[in-house]
Structures are given as structure tokens and as C-alpha cells.
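Peer 1: Handing you a structure now.
Just so it is clear, none of the values below were taken in a lab; they were calculated from the coordinates. Treat the numbers as computed from the prediction; the structure is a model and nothing was measured. Glycine also receives a Cβ, built like all others from the backbone with ideal geometry; neighbour counts cover every protein chain displayed.
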Amino acid sequence: MPFPEHQSYQEKLVAALREFAQDSDRRRLIFQLASVILVLYHLDLSPAFPLLQQGYAEKPRGSKPWSPLPVLRSLLLGHLLGAIKPRDLSDRLRACPVLRALAGFSEEEMAAHDEPAPGGSTFYDFFHRLFDGPRRGGCSHDLPPSQLQARRARAPQSKKGRSANTTDTDADTKKKTRPARSRKARRTRREAKKNKARIQRLTQGVTERIVHQLRAARDQHNPNDLTERLGRILLECAILESARRGLLGDITALIATGDGSPLPTASDGRGQRVCDCEKSTRCDCPRLYSDPDAAWGWDHYREVYYFGYSFYEVSVTSEGRDLPLTIELNPANTSDHIASVQAMDRLHKRFRDHAPSLSIDIFVADAGHDSLAEHRFHRSWSVRPVIPLANKAPATHPSRGEMALSERGVPMCQANIEMTPWGSAGQGERRRPLFLCPVGAGKLAQCPLAPPEDPSWSCRPDLKRGPAVTVSPQDDPRLFPLIPRNSERYKTLYKLRSGTERSNNLKKGVYALPGCRHRRASFWLIRLHLAALLQHAKAWVAEMDARAFVAALLGEPQEAAA
């Protein structure tokens, strides 16, 4: 049941639409906006009000600010209409009373501001308020995060320092911003591949340190920062409603998938010179960067270097719908190893503190997440990871030299064939995957070692199903996960991984995030969560006829919507 604030919004919207429908042109526009009306009518933003209101003073000294909920709804409306730039959105709101009614601006509020809709600067001010969080008091030198970020953008930064934390690529090769085609660029790519193992070891070492820090802070709460505020809004306005509608599957054992995606910023990665060096010569003098938090990174899909960020999303794919659970934004040189454990740790704590009915059982990711530290991290949260090996497994078990392993870490029988997964043995922490002889499990008609004159030969005739072995995940949770890599269950789960890729592409395609042209990490993070809210809301109404719904709101027969 919607909150009273949203019920009031729905009633006022219906009354306004029926009044506008008296005019034929506006009636035609209302039906053109039917899909937009359907989404915003069902998206209840009331739970976000307490979090948004923290950024506003109880007794403002100047004019009263615009109400935060209509401003938030306007930004969602802008993504649905393709008016993502604040100035374009403001112009469209001021020109169309139907859009203002959709956003939820009241006549009293418009009269108090003596203008029909907020200006573009109001939306930027809303971003800053959301970034700053609760109002600060006391010392005037205690600047809010938005002002500190702006101050950093006005201070020269070292070029070398901006690429020193690179983990995905060699910092000295971040000069190409187009796909590698020249001879020199191809040589650079070959060198990068040659150093891939070294870079992977470095990345995994960093991941181990971060996992150790996260486990030490397990009992602490998430910091009250922008990511957490946006995550709470997404949780309370969208995820809990999707769970109530049954769109997430079994909420006590969620199957989550994770993946990162590049997000170039509008800032120039070369920076602006402030030194007196000759422009025709290269120099390492500090420069001005309009986006102080961005960094150089490597886009593995397009094989191109870019300047900006990498956002990491954890989502649920159920019944053909890809629904985000949490989103993290990091500099472009942050690997998926690091981003995934940080995102999952924050998500587990958020569920623990604000939605204890939700719990993650399985986490699916690609080979870019393969590391022993990550497997141990997920195991510490009682999550079963489904992650393929990035490199071949050792030929034998690390501590049981008599057990041969396949390239994906599956025990091999005497015939040098992967043994068949057959459930598990033990309970709780002592639970171990069980593997049977392929012939005894019915996967092979006869043993490859059987002589032609005796096709029923078995290496262990005393056993009904042939030899069986167990492997303990405690020995090496990376090599021996609870869900064996050659099982049908593993193959089915791994197919869900593409859901997060679709969700990431949806944000950059349908919701046109790159077109926002922002130069602030906080702005990008807010935009990502706005798109995530719309993904949930659209899933709720996917089976509904938008034009028939609008016709019902107007009190007209469905034939009138045709």
C-alpha cells in the first residue's frame, strides 16, 4: 500500500490529467506520455523523503527551497523523456503543464517561487544537497563534501600521482585513447598481455588486503555517505517493492550477479596546463583537472584507454528482468576484484541493518573476479560463488598428490576423465562436494579403460557406482567451490551473469548516461541510481497496457485510448 504522500500525489495527478484532457491537444499529449505516467504513478518515492530532507535547513534564511520529492521525480521524468541535462529538463517543465503535474509540483509551490518550475541550477543544488547529507553546524571551516570536491578541482594535481594506483594496466602506456591499430600500439598491447600475470598478482595482493580490512570491520555499519544514502533510497523505494511483488525470486536465498562497466567522464584526461613550459614540449608539471576523482583506465571490450570511472553493479535476474541491488562508483583504474568485494560487503551490511528478510545465497561473476581472497570473502558471508577459473588449475590436488585435477579443478578418474558431481557429503562447515565415477553416474556407457572383450569392466567392481571422492572447500575454496564447475547447476547459474551486462548497457543506452556530460563522481553516482529506480518501476508495470491504464485514470472507456 502506498504512503499517504504518494496517495496524495496520485490523487492530484488524476485530477490534473482529467482537467487537461478537456483540451484535445493536451489529451493527445497525455496518451503520448502514457508509458511515463504508468511508471511514475506506481513509483512511490515517499520513503526517500527523510533521507532527502536531511540536506535542507529546518529554518532557511532565504526563500523556501523547492520540495525534494518533486525535484527527484523531475529527474526521473527527464530520463524517461530523454531530457537528461538539467537546463533542457527545466525548459520542458516550464513549457508544459502536463509535465509539471507529472513531476508533482503544486500550484502553491509554483506561486511561492513565482515561476512554473525549477531552473537548471536547482537540480545541481539538489545533487549537492544529496551529496553533502545532513546539514552541518558549528565551525565555518567544516566544508561540506561538495565544496571540498570543487576546491580539489581548482587545485593543480600531479600527473604521475593520478596514475600511480593503476592495477589493470601499465601506467606508462595510458596515452592511447583510440583502439590500437598502429605498430607501436600493437607492440604496447603485446607487452600488456605479457605483463598480465604480474598485474593479476598485484591486483590479487591488493584484494587480499582489502578483504582483510573488510572482515575486521564486519560488525560496523556502512558509512553515512552518498553511496549509502542512494543505496537506502534504492532499497526502500524499489528493491523491497520488487521483493513484495515476487520479482526477485526467493528473497531468503537471492542469486546475485556482479560486473563492472566503464563510464567515461566529460573531463579532459590530459588536464589544463598552469605552468610556463613550452606548449610544444611534454612536461610533468601539476595540472588542473575539472573532474578530480577520475582516472585513466582500460576498456577491455573496446580495447581502448579512457578517462573516467568504472561503476560496479550487483543485480538479480529473474523472469527475464534485470533488477539492480547496489551500485558502486570507482575510478577507472579499479579492478573488478576490488570493486566486487566492496560492493558485496556494503550490500550485506545494508540488508543486515535495514532489510533482514533479504539474504544472498549465490554470487555469479566472470573470470575477472577469480582470486582466492574473493572466494574466501564470499564464504565468510555464507555465499556460494560461481566464478570460473582465470587460469588452468594445477595438475594435482595441492595437498593430495594422488588426486589428478582437470583444467577447471575437477577430480579426474583413472581414465583421465572428469568425475561427475553427485551432490555433497556432510553438513554445514563440513559440507564437501561429492564426485562419482562417470560410468557409475550414468554419464558414460562404458569405461574407456575397459577391454573390448569385457565392456562392463570396472576399476572397482566391489562398488555399485564405482569410485567416489570428496574435496573440501576449506582446503582451497577457489579450486573446489561448493557448486562444482562441471555440474549442470553451475552452467545454469553462470548463464545469469549476462543479466548484469544487460543492466549496465541499459543505463548507458536507453537512459543515455554518457550524454549527461558530468564532471563529478557524485553526479554520476546519482544518475546511476536514478536509472536503477526506473528499472525496478518498469518491471512492476511491464505486463500492463499503458494507454488502457491512462484511459481508466481519465474515466474513459478503453476504446478511447486507441
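Peer 1: Take each uninterrupted DSSP H stretch in the chain, measure its Cα extent along the helix axis, and return the ones at 27 Å or beyond whose mean Kyte-Doolittle hydropathy is at least 0.0. Kindly include the intermediate steps, with their values, before the conclusion.
Peer 2: Values: long enough: 196-216 (30 Å, -0.59); 521-540 (29 Å, 0.72).
The answer, listed by residue number, is 521-540.
Peer 1: Moving on. Find, among the trypsin sites (Lys or Arg not before Pro) in segment 48-118, those assigned to loop by DSSP (not H, G, I, E, B) with at most 13 other beta-carbon atoms within 10 angstrom.
Peer 2: For trypsin sites (Lys or Arg not before Pro) across segment 48-118 that sit outside H, G, I, E and B with at most 13 neighbouring Cβ atoms in 10 Å, the list reads Arg61.
Peer 1: Could you run the Karplus curve 6.51 cos²θ - 1.76 cosθ + 1.60 with θ = phi - 60° over segment 417-433 and give me ³J(HN,Hα) per residue in whole Hz, x for Gly and Pro?
Peer 2: My calculation for segment 417-433 gives 10, 4, 6, 8, x, 9, x, 8, 10, x, 10, x, 5, 8, 5, 9, x Hz in order.
Peer 1: Amide H of Ile360 versus every other amide H placed in the peptide plane: which residues, excluding those fewer than 5 positions away on the same chain, fall under 5 Å?
Peer 2: Leu254
Peer 1: Long-range amide H contacts for Thr326: which residues qualify at under 5 Å (H placed 1.01 Å from N, peptide plane, sequence gap of 5 or more or a different chain)?
Peer 2: Val314
Peer 1: Next question. I want to make sure I understand the PRE zone here: with the label point 7 angstrom from the Cα of Phe3 toward its beta carbon, which residues in segment 226-254 have backbone N atoms less than 12 Å away?
Peer 2: Once the point is set 7 Å along Cα→Cβ of Phe3, 233-234, 236-238 turn out to lie under 12 Å by backbone N, inside segment 226-254.
Peer 1: Given only helices, namely DSSP H runs of n ≥ 4 each adding -39500 (n - 2.57), what is the per-residue ellipticity at 222 nm of the chain, to the nearest 500 deg cm²/dmol?
Peer 2: When only DSSP H runs of four or more count, the value is -12000 deg cm²/dmol.
Peer 1: While we're looking at this one, here's another question. How would you rank Arg282, Arg517, Arg431, Arg321, going from fewest to most other Cβ atoms within 10 Å of each one's own Cβ? Mind showing how you got there, number by number?
Peer 2: Numbers: Arg282 8, Arg517 12, Arg431 15, Arg321 20.
If I rank by nearby Cβ atoms, fewest first, I get Arg282, Arg517, Arg431, Arg321.
Peer 1: Mind listing the long-range amide H neighbours of Leu434? Cut-off is under 5 Å, sequence gap 5 or more, other chains count too, H placed in the peptide plane at 1.01 Å from N.
Peer 2: Hits under the 5 Å cutoff: Trp422, Gly423, Ser424, Ala425.
Peer 1: Just grab the label-to-label distance for Leu143 and Ala395, each label 7 Å out from Cα along the Cβ direction, in nm (one decimal).
Peer 2: Result: 6.1 nm between the two label points.
Peer 1: What is the chain's relative contact order, in percent, from Cα pairs under 8 angstrom and six or more apart in sequence?
Peer 2: Numbers: 855 pairs, mean separation 92.8, N = 562.
So the answer I get is 17 percent.
Peer 1: Roughly what % of DSSP beta bridges within the chain run antiparallel, to the nearest 5?
Peer 2: Percentage antiparallel, nearest 5: 85.
Peer 1: Which order results if Val274, Val383 are arranged by neighbouring Cβ count within 10 Å, fewest first?
Peer 2: Arranged by neighbour count, lowest to highest, Val274, Val383 become Val274, Val383.
Peer 1: Can you give the Kirkwood hydrodynamic radius for segment 4-137, in Å, rounded to one decimal and based on Cα pairs?
Peer 2: 15.5 Å
Peer 1: What's the exposure ranking of Ser458, Ser8, going from fewest to most Cβ atoms within 10 Å?
Peer 2: Ser8, Ser458
Peer 1: For segment 392-483, what is Rg from Cα atoms divided by 2.2 N^0.38 Å, rounded to two decimals?
Peer 2: 1.12
Peer 1: When the chain is fully extended, how far beyond the present Cα-Cα distance does Glu108 get from Asp284, taking 0.36 nm per residue of separation?
Peer 2: Numbers: separation 176, 0.36 × 176 = 63.36 nm, distance 5.62 nm.
Extra length from Glu108 to Asp284 when fully extended: 57.7 nm.
Peer 1: Let me ask something additional. Per residue, what volume in Å³ does the convex hull of the Cα atoms of the chain enclose?
Peer 2: About 219 Å³ per residue, rounded to a whole number.
Peer 1: How big is the Rg/Rh ratio for segment 318-457, C-alpha atoms only, Rh by Kirkwood, two decimals?
Peer 2: 1.08
Peer 1: Mind putting a number on the dipole of the chain about its Cα centre? Charges go on the C-beta only, +1 for Lys and Arg and -1 for Asp and Glu, and I need it in Debye to the nearest 20.
Peer 2: 2400 debye
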